[in-house]
Amino acid sequence: MRIARNLLIAALLVPGVASGQATAADLSTITVRDAAGETTALSDLVGGPTIVHFWATWCAPCLEELPQLDAFAQGLEPGELVVVSVDTAGYERITDYLGDLGVGLESYQQIEGNVGSVFGILGYPSTLVVDDGGEIVFRRQGAVQWSDADTAAEMMALIEP
């Protein structure tokens, strides 16, 4: 019941969520840092159709999903996937967590802005697909079954030119 209530709230707060319509979001309001400590706006990382995945080390479903996402990412071109941790702990916690999982994904860390507010996210993991015009054309709160062939094909169709 709680999940249904949260999805209803997201649908009411974020235009297009309930109807499946594309919606715009200002990616420039989110600043992220990489493993080297370099910062950039999320908008600078999304130059075309891109899967943007948000996760956290304290997120139980993320533990199961990240290895699947890592395997899925092996078939992607650079820039087609941007992974962002919403953890507030030091970046070392993120790299240790991914290392413990045996995941080779590069993850950014949110350091300014609030992805929950900007994108209407109420829980993690959450995945968006942004098209080449900056519109969000896909939104899922909760784990994606990246190893499912139909799901993988759907995601690839959203990012292929």
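The values are calculated or read from the model by the stated rules, or taken from the named source; none is laboratory data. Quick caveat, the model's predicted, so the values are computed rather than measured. Virtual Cβ from ideal backbone geometry, glycine too; neighbours counted across all protein chains shown.
Hey, does segment 130-137 have a residue that's over 20 Å from L27 (Cβ atoms) and surrounded by 17 or more Cβ atoms within 10 Å (Cβ to Cβ)? No: segment 130-137 contains no residue that is over 20 Å from L27 (Cβ atoms) and surrounded by 17 or more Cβ atoms within 10 Å (Cβ to Cβ).
Could you tell me whether any residue of segment 75-91 is under 22 Å from L122 (Cβ atoms) and polar (S, T, N, Q)? Yes. When both residues are 6+ apart or on different chains and their Cβ atoms are under 7 Å apart, which pairs have a first residue that lies in segment 134-161 and is free of Cβ contacts under 8 Å to residues at least 40 places away in the same chain and assigned to a strand (DSSP E or B), and a second that is surrounded by 15 or more Cβ atoms within 10 Å (Cβ to Cβ) and small (G, A, S)? What qualifies is R140/S126.
Search segment 79-101 for residues being of a type in the set (D, E) and over 27 Å from I136 (Cα atoms), and hand back the single one that is surrounded by the most Cβ atoms within 10 Å (Cβ to Cβ).
Within segment 79-101, the subset of a type in the set (D, E) is 80, 87, 92, 96, 100.
If we keep only those that are over 27 Å from I136 (Cα atoms) as well, we get 92, 96, 100.
On the way: E92: 9, D96: 13, D100: 10.
Restricting to residues being of a type in the set (D, E) and over 27 Å from I136 (Cα atoms), the top hit is D96.
Of all residues in segment 113-136, which are of a type in the set (G, A, S) and either under 11 Å from V52 (Cα atoms) or in contact with a helix residue (DSSP H, G or I) (Cβ under 8 Å, 6 or more places away or on another chain) (or both)?
Residues of segment 113-136 of a type in the set (G, A, S): 113, 116-117, 120, 123, 126, 133-134.
Within segment 113-136, G113, G120, G123, S126, G134 qualify.
State whether one or more residues within segment 48-67 are among the charged types (D, E, K, R) and closer than 20 Å to I159 by Cβ. Explain how you work it out, then say what you get.
As a first pass, look at segment 48-67 and keep what is among the charged types (D, E, K, R): 64-65.
Those still in the list that are closer than 20 Å to I159 by Cβ too: 65.
Yes, there is a match, as at least one residue in segment 48-67 is among the charged types (D, E, K, R) and closer than 20 Å to I159 by Cβ.
Could you check, for segment 144-154, whether at least one of its residues is within 11 Å of the chain's Cα centre (by Cα), under 25 Å from A25 (Cα atoms) and at pLDDT 95 or above?
Residues of segment 144-154 within 11 Å of the chain's Cα centre (by Cα): 144.
Cutting the leftovers down to under 25 Å from A25 (Cα atoms) gives us 144.
Subset that is at pLDDT 95 or above: 144.
Yes: one or more hits.
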